Amino acid sequence: AAIGDWGYSSSCNGGVSPACQGLIGEALKDFKAEQGDKFKFVVNVGDSFYCDGVGDAGDERWNTVWRNHYSDSNSARDATQVPWYSVYGNHDMGGRDQCACMDSTSECNQVNNGVTNWIMPDVNYYVTRSDLNVEIVGIDANVDWAGEVCKYSNCDSGSCTRRLMQQT
């Protein structure tokens with residue numbers, strides 16, 4: 001399955017109903033149940049944690065924004081029980097996650113964070129799934145959004161833009 005722009009925050013979603021994220025979560029869980037053993041992973045294309053990302057592995061937003069919508073007590077419907085190969089969206093960086101300002105991408109809050117089934121070994125990466133004969137490529141395209149990302153970061157815009165340019 002592939003999904004993106006699924007995060008919700010009433011402070012920056014332009015009047016979109018919070019019920020939408022619940023509907024998206026239910027649809028993904030239904031799809032997982034329908035697919036059964038064929039449902040192997042999720043490609044998550046970013047904008048997961050509106051408006052300013054997620055903190056460390058203990059941040060409550062891992063539950064309130066992700067697990068509470070995509071997990072289920074019925075394992076046949078629990079979409080968080082498979083790997084989510086993820087990349088940053090422009091709305092995933094800012095207040096809580098200052099990835100655009102970091103000296104090393106290993107310091108970014110969504111990279112290698114120890115959250116079960118959240119796969120982001122770096123901001124740009126590839127993972128080979130030989131069991132499925134597929135290679136998954138994650139590319140940080142936030143250089144295109146540098147002005148917007150940097151506007152919400154705590155670092156100066158010059159160093160933020162340089163950092164994003166180095167990441168791509």
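Observations
- Angle in degrees between helix 19-35 and the longest Cα principal axis of the chain, rounded to the nearest 10: 50
- By DSSP, the beta bridges lying fully in the chain are antiparallel in about 40 percent of cases.
- Relative to the Cα centre, the charge distribution of the stretch 32-168, modelled as +1 at Lys and Arg Cβ and -1 at Asp and Glu Cβ, gives a dipole magnitude of about 220 debye.
- Length-normalised contact order of the chain in % [C-alpha pairs under 8 Å, at least 6 apart]: 21
- Per residue, the convex hull volume that the Cα atoms of the stretch 55-121 enclose (Å³): 86
- Each of Tyr85, Thr116, His69 was scored by the projection of its Cα onto the charge dipole of the stretch 49-168, and the greatest displacement toward the positive side belongs to His69; charges sit on the C-beta of Lys, Arg, Asp and Glu.
- Cleavage-rule hits (GluC sites (Glu not before Pro)) in the stretch 25-75: DSSP loop, at most 12 neighbouring Cβ within 10 angstrom: Glu60
- Think of it as helices only: each DSSP H run of n ≥ 4 in the chain is worth -39500 (n - 2.57), and spread over all residues that comes to -6500 deg cm²/dmol at 222 nm.
- Accessible-area composition of the stretch 80-168, carbon plus sulfur, in percent [1.4 Å probe]: 47
- Average accessible area per residue (Å²) across the chain - probe 1.4 Å, nucleic acids and ligands excluded: 49
- Across the chain: Cys residues that no other cysteine approaches within a C-beta distance under 4.7 Å: Cys20
- Residue by residue, the stretch 78-85 carries 3J(HN,Hα) couplings of 7, 6, 8, 8, 10, x, 10, 7 Hz when phi is fed to the Karplus relation 6.51 cos²θ - 1.76 cosθ + 1.60 (θ = phi - 60°); x denotes Gly or Pro.
- Ordering 95-101, 84-90 by mean Cβ neighbour count within 10 Å, with the highest value first, yields 84-90, 95-101.
The values are calculated or read from the model by the stated rules, or taken from the named source; none is laboratory data. The structure presented is a predicted model; accordingly, all values stated were derived computationally and were not measured. Every residue, glycine as well, gets a Cβ built from its backbone with ideal geometry; the counts of neighbours run over all protein chains shown. The area values use the complete protein model at the heavy-atom level, side chains included, leaving out ligands, DNA and RNA. Shrake-Rupley method; radii C 1.70, N 1.55, O 1.52, S 1.80 Å.
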